[in-house]
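Take a look at the structure set out below.
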Amino acid sequence: MSNPDPAGQYVTNPPRELPKRRGTELVMLAFAALIVTFAFILVEANQEHQLSWAILGYGACYLAVFAVAHLAIRRWAPYADPLILPCVALLNGLGLVMIYRIDLAKAAQGETIGSDTLKQLLWTAISLVLFLGVLLLVKDHRTLTRYAYTFGLVGIIALALPALLPASLSEVSGAKVWVKVGGLFAIQPGEFAKILLMIFFAAFLVSKRDLFMSAGKRFLGVELPRARDLGPILIAAVACLGILVFEKDLGTSLLFFGVVLMMLYVATERFIWVALGLSLFAAGALIAYQLFSHVQTRVENWLDPFAKADGAGYQPVQALFGLGTGGMAGTGLGAGRPEIVPAAKTDYISAALGEELGFIGLAALLMVYVILAMRGMRSALAVRDTFGKLLGGGLSFIIIMQLFVIVGGVTNLIPMTGVTTPFLSYGGSSLLANYILVALLLRISDAARRPQAGPKPRQPQQQAPLAEAHTVMVQREELPQLQQGQAQGPQGANG
């Protein structure tokens, strides 16, 4: 019988492989599907007082999309965080439920039933294709640094493109943020530009981090950055002001500048960059308020929406009335009147959900967003490279930042900006971009949890048998001191 490896008895804590947790992800996906299915049934029961075959079709498409996504993660990102995809599935599913619920209400008014729900399902399927493409092509998130400047250039072009096009091809509801393609559909390039610019800025901060760490003169006990290092933040401020001026889009400018400041702070751990950036943005917003009428209208509606309740303030007033009607527990899915609020499927979908789910249901939805962002931040902290930390932190932060901007505008906490609610709102551009964002987060999470490859064991060298080994005679030279001592020894003995 062969003896066990003697070295094994000294291994007190052998390395173990982390669990992949794909089974946990599958169980949570099933739980999300159960909630979405029950929500569809409630909407049908309250609106139609009967169940139709339509919800079976929508449910089957929903299950197929996320089953494919789960299998793709199992194949290409087996160590990814198990809660990211279920959170996305729940949010996307509840968004489909609310869009379908408003479709039913519009059908009662003579409009085509189910058209927007089918379109949103189609956009979800296209988003899945992009999701799979990112997981398949981006084997390692660090390879994105090779194309950082290309991504930055494409992002700037995408951000500026709507402002360069005529209003007939780019303007919708007063904001020039769209690109209309042949009258068939419109796409919002800024949604993709924010991801491209985050990749560029993360790579730029990794390579130029020492520039932002250098301190300049001290003023009132605060170390100010050197004047020549202010270039990137000034460019970001000018770009955001340009978006605000030429595209009339306060939301995108606020999102972009907020993410830049967050990544600067994470890279340098110096709060002076945040204070300086906020000061620049406040100064730019004040100038824009003095110069542009659409900014003044947004601020006036924020300060006193009831002053023009029949005019410019009609939309925020109806949203506040809907939230007030919902109260703590809500009216119930399908039992409210969210279709009264203009843009209830897009900008104001959180108000529609707040009316029918109440404060408790809306707070639970916001907690799902918090869980999603926290799991992303956790992966960013655990990943081993600086670029992954910055990119993962930026991708997670923009989810919370976008949620704060839109929900804060709907609840009248801040001026309304018109950005979409991630995964909930109707629209293709936001859904496509956010699925790309989730795929990158899963890739970073997979790299963070994947065990490191250990060093290769050394192969033992083959030695010749002792009987066949060659014998080499080696002549050893005697040390001079030893020879001298041997020569003096007899003399000392004779004396």
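The values are calculated or read from the model by the stated rules, or taken from the named source; none is laboratory data. If you're wondering where the values come from, they're calculated on a predicted model, not measured in any experiment. Methodologically, a virtual Cβ is constructed for each residue, glycine included, from the backbone with ideal geometry; neighbour enumeration extends over all protein chains shown.
Considering region 334-353, and only residues there that are of a type outside the set (Gly, Ala, Ser) and without any contact (Cβ under 8 Å) to a residue 60 or more places away in the chain, the residue that is farthest from residue 409 (Cα to Cα) turns out to be 340. From the list 79, 62, 58, the lone residue that is outside any helix (DSSP H, G or I), in contact (Cβ under 8 Å) with a residue 12 or more places away in the chain and surrounded by 14 or more Cβ atoms within 10 Å (Cβ to Cβ) is 79. Taking region 265-286, which residues are in contact (Cβ under 8 Å) with a residue 40 or more places away in the chain and out of contact with any Lys or Arg (no Cβ under 8 Å at 6 or more places or on another chain)? Within region 265-286, 270, 272, 273, 276, 277, 280, 281, 284, 285 qualify. For region 251-259, the condition holds for at least one residue, the condition being that it is over 17 Å from residue 415 (Cβ atoms) and either in contact with a Gly (Cβ under 8 Å, 6 or more places away or on another chain) or of a type in the set (D, E, K, R) (or both). Going by what's in this entry, would residue 428 be described as modelled with pLDDT under 80, touching a helix residue (DSSP H, G or I) at 6+ places or on another chain (Cβ under 8 Å) and surrounded by 19 or more Cβ atoms within 10 Å (Cβ to Cβ)? Against the criterion (modelled with pLDDT under 80, touching a helix residue (DSSP H, G or I) at 6+ places or on another chain (Cβ under 8 Å) and surrounded by 19 or more Cβ atoms within 10 Å (Cβ to Cβ)), residue 428 does not qualify. Of the residues examined, residue 124 is one that is surrounded by 22 or more Cβ atoms within 10 Å (Cβ to Cβ) and either modelled with pLDDT of 90 or more or out of contact with any Cys (no Cβ under 9 Å at 6 or more places or on another chain) (or both).
The selection criterion, being surrounded by fewer than 20 Cβ atoms within 10 Å (Cβ to Cβ) and either of a type outside the set (A, V, I, L, M) or on the phi > 0 side of the Ramachandran plot (or both), does not hold for residue 178. Among the residues of region 340-380, the ones that are under 25 Å from residue 77 (Cα atoms), buried (at least 24 other Cβ atoms within 10 Å of the Cβ) and either of a type in the set (Ser, Thr, Tyr) or over 12 Å from the mean Cα position of the chain (by Cα) (or both) come to 1 in all. For region 145-156, the condition holds for at least one residue, the condition being that it is in contact with a Leu (Cβ under 7 Å, 6 or more places away or on another chain), buried (at least 20 other Cβ atoms within 10 Å of the Cβ) and not in a strand (DSSP E or B). Any residue at all in region 260-280 that is out of contact with any Cys (no Cβ under 9 Å at 6 or more places or on another chain), among the aromatic types (Phe, Trp, Tyr) and surrounded by fewer than 16 Cβ atoms within 10 Å (Cβ to Cβ)? The answer is yes, given that some residue of region 260-280 is out of contact with any Cys (no Cβ under 9 Å at 6 or more places or on another chain), among the aromatic types (Phe, Trp, Tyr) and surrounded by fewer than 16 Cβ atoms within 10 Å (Cβ to Cβ).
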